[in-house]
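Encoded as structure tokens, the structure appears first; notes follow it.
The values are calculated or read from the model by the stated rules, or taken from the named source; none is laboratory data. It should be emphasised that the depicted structure is a prediction, and the values quoted were computed from it without experimental measurement. Ideal geometry is used to build each Cβ from the backbone, glycine not excepted, and the neighbour counts take in all protein chains shown.
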Amino acid sequence: MLWMMLVGHLVRAIPLSPVLGYQVVYGDGTPVSYAYVEILDSTGNRVDSAITDSLGRFLWIPPDAHARYTLRFLDGTGHGARVVYHPTASDTTARTPSETHTWFLWQKLLIGWAVFWGSAGTWFYWRGRSTNAHS
């Protein structure tokens with residue numbers, strides 16, 4: 001159950017053509033309405049931000065049609081998707097989606113805490129068990 005709470009719904013971005021646009025949906029196909037969109041350049045600096053519409057759609061005109069951008073979609077409850085936009089030299093509308101789960105800091109800390117205390121508990125259990133066996 002803990003894993004489901006951490007990962008939650010699969011969120012993915014579906015490319016819309018012919019412009020740079022995506023529809024953001026959950027794993028079951030339900031649109032992610034009013035998701036926050038953050039656009040980063042190739043160095044990781046924020047270029048722009050926006051909100052998807054009620055159907056989870058987002059359209060954007062890049063200032064440099066030949067540049068690489070990373071688009072991060074966040075639904076506000078810890079679910080998100082990341083897409084890397086990198087046009088080819090011959091086709092500026094080509095998109096290469098790279099969907100990954102976005103791990104937030106609180107999720108990383110919670111998993112680290114669980115692994116640490118699980119390991120400590122296992123160590124104390126075996127230590128106590130070996131001490132009782134020698135008594």
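Say whether the condition of being at pLDDT below 80, more than 20 Å from G21 (Cα to Cα), assigned to a helix (DSSP H, G or I) and not assigned by TED's automatic domain parsing to the domain that holds Q23 is met by at least one residue in the stretch 118-127. No - not one qualifying residue is present in the stretch 118-127. Considered as a group, the residues in the stretch 1-23 that are in a strand (DSSP E or B) and closer than 12 Å to L59 by Cβ include one that is modelled with the lowest pLDDT, and that residue is L16. Summed over the stretch 24-47, residues that are in contact (Cβ under 8 Å) with a residue 24 or more places away in the chain, in a strand (DSSP E or B) and within 20 Å of F104 (Cα to Cα) total 8.
Of the residues making up the stretch 27-43, just one is under 15 Å from the mean Cα position of the chain (by Cα), over 17 Å from L59 (Cβ atoms) and modelled with pLDDT of 85 or more, namely L40. For the stretch 48-72, which positions are among the β-branched types (V, I, T) and within 25 Å of F104 (Cα to Cα)? Scanning the stretch 48-72 gives I51, T52, T70. Listed by first and then second residue, the pairs linking a residue in the stretch 63-78 that is at positive phi to a residue that is not polar (S, T, N, Q), with Cβ atoms under 7 Å apart and 6 or more places separating them unless they lie on different chains, are G76/Y36; G78/G8; G78/F104.
Checking each residue in the stretch 64-89 for being under 14 Å from V24 (Cβ atoms), surrounded by fewer than 15 Cβ atoms within 10 Å (Cβ to Cβ) and not hydroxyl-bearing (S, T, Y) picks out only G76.
Every test in (1) modelled with pLDDT of 70 or more; (2) outside any helix (DSSP H, G or I) is passed by T88 save one, and that test is (1).
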